[in-house]
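Engineer: Just passing along the structure, written as C-alpha cells.
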Amino acid sequence: MIQGEDGLAEKAEKLIQEIREVNRNGYILKPEDIIYAAKALSEGKDISVKGLFHGSIPVSSKKRFIIPKTENQKHYIDAINAYDIVFGIGPAGTGKTYLAMAMAINSFLTKQVSRIVLVRPAVEAGEKLGFLPGDIAEKVSPYLRPLYDALFDMMDIDKSSKLIERGIIEIAPLAFMRGRTLNDSFIILDEAQNTTSEQMKMYLTRLGFGSKTVITGDITQIDLPAGKTSGLVEVMRILKDVEDIKIIYFSERDVVRHRLVQEIVRAYDRYEKRDTEEQH
C-alpha cells in the first residue's frame, strides 16, 4: 500500500517495481542502495535503479559483477569505456579506485588488455622508511595494501597471486614507472593527489599503444611536504581543455560505503569552510 501525493506515490511505486526487478535478477540491494535511490527521487532527479544496474561490470569473483551505485559512478564507467585517460576526483568512499579496478579486471578477462598495472605514490618511501627491514618492495608494501585489498575482493586470491607472480598484474610504487613505456595495459594511478608535478608528467608520458589509464585522487587529502604542488591539482588545470581526456568529479553524494562516511565528509566540509571564513 502506497499513500501520498500523486506524483510522489507514482515515483515510490516505480522505485519499488525496479528494486523488485533488480532483486529477481540475482542482486540483493543493500540498504544504502535503496536510501540513495529514494533520496535522489525525492530531490526530483530522474533516476532509474534498473538503469544503474544495467551498467554492471562482470568480474571473476564470488560477487559476479560490480555495480555502479550512483549516476556519477555510471558516468565514470562510461567515461572509462570511451576514453583512454580518465581522472576520477573526489572524497573517500566514492568508489573511484574500486570501480577502476573492476574495469581493469574486466578489460583483462575480455582480452582488451594483456596486463594490469596498479600504481601508487609512496610518499614516505625515502629516508623515512630506511629503518624498516627488507628490500624496497617490502618497504613500500604498506602503501600498496589498499590496491591488493580491492584486487582480492574481486578476484580469487590464488588466481590473482599467480597473475602477480607472472607479472601480468603488477602492483608497484610510482617511482618504478620511470623510464618505462606501457603498451596493451590497463594502468591505475591511485592516490594521485600525492604525486609531484614531475611525477605526474612522468606517469602520463608512460602510456603506450593499446593502453588505458585511470588516475584517482582526493585533492582535499594531500600528504605532500609543505610547499610542494600536487601534480593532480596542477594537471587538472593543464589538461582541462584536452578533448580526449575526461575528468569525473565525485562529491559526498556519491559516497556509498556507509551512511556515517557521508556524515563525516559533510562534517569536515562544514568545519573547513567555517575555519576558512574565520581566517578571513
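The values are calculated or read from the model by the stated rules, or taken from the named source; none is laboratory data. Just so we're clear, the structure is a prediction, and the values are computed from it rather than from any experiment. Every residue, glycine among them, receives a Cβ derived from its backbone with ideal geometry; neighbour counts consider all protein chains shown. With ligands, DNA and RNA removed, areas are computed over all heavy atoms of the protein, side chains included. Shrake-Rupley method; radii C 1.70, N 1.55, O 1.52, S 1.80 Å.
Engineer: Suppose we filter the range 183-206 for residues that are among the hydrophobic types (A, V, I, L, M, F, W, C) and either assigned to a loop (DSSP other than H, G, I, E, B) or touching a strand residue (DSSP E or B) at 6+ places or on another chain (Cβ under 6 Å) (or both); how many remain?
Structural biologist: 5
Engineer: List pairs: first residue in the range 227-242 and of a type in the set (Phe, Trp, Tyr), second residue in a loop (DSSP other than H, G, I, E, B) and open to solvent by 40 Å² or more (accessible area, probe 1.4 Å) anywhere in the structure, Cβ distance under 9 angstrom, at least six positions apart or on different chains.
Structural biologist: Filtered contacts from the range 227-242: no entries.
Residue-by-condition table, conditions (1) at pLDDT 90 or above; (2) open to solvent by less than 70 Å² (accessible area, probe 1.4 Å); (3) of a type in the set (S, T, N, Q):
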site	(1), (2), (3)
41	no, yes, no
47	no, yes, no
56	no, yes, yes
84	yes, no, no
102	yes, yes, no
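Engineer: On to the next question. Here are some residues: 245, 238. Which one is at pLDDT 90 or above, under 26 Å from residue 77 (Cβ atoms) and open to solvent by 90 Å² or more (accessible area, probe 1.4 Å)?
Structural biologist: Of the residues listed, the single one that is at pLDDT 90 or above, under 26 Å from residue 77 (Cβ atoms) and open to solvent by 90 Å² or more (accessible area, probe 1.4 Å) is 238.
Engineer: I would also like to ask the following. Filter the range 167-180 down to the residues that are open to solvent by 70 Å² or more (accessible area, probe 1.4 Å) and either in contact with a Leu (Cβ under 8 Å, 6 or more places away or on another chain) or of a type in the set (Phe, Trp, Tyr) (or both) and list them by number.
Structural biologist: 176
Engineer: Let me ask something else. Yes or no: the range 223-234 includes at least one residue that is part of a helix (DSSP H, G or I), of a type in the set (D, E, K, R) and either touching a Ser or Thr at 6+ places or on another chain (Cβ under 9 Å) or open to solvent by 70 Å² or more (accessible area, probe 1.4 Å) (or both).
Structural biologist: For the range 223-234, residues part of a helix (DSSP H, G or I), of a type in the set (D, E, K, R) and either touching a Ser or Thr at 6+ places or on another chain (Cβ under 9 Å) or open to solvent by 70 Å² or more (accessible area, probe 1.4 Å) (or both): present.
Engineer: Name the residue, out of 150, 92, that is part of a helix (DSSP H, G or I), out of contact with any Gly (no Cβ under 8 Å at 6 or more places or on another chain), modelled with pLDDT under 90 and within 24 Å of residue 261 (Cα to Cα).
Structural biologist: Result of the check over 150, 92: 150.
Engineer: So how many residues does the range 243-271 have that are in contact (Cβ under 8 Å) with a residue 60 or more places away in the chain and among the basic types (Lys, Arg)?
Structural biologist: Going through the range 243-271 one residue at a time, the tally reaches 4.
Engineer: Of (1) within 30 Å of residue 35 (Cα to Cα); (2) open to solvent by 40 Å² or more (accessible area, probe 1.4 Å), residue 201 satisfies all except one. Which?
Structural biologist: Checking residue 201 against (1) within 30 Å of residue 35 (Cα to Cα); (2) open to solvent by 40 Å² or more (accessible area, probe 1.4 Å), the one that fails is (1).
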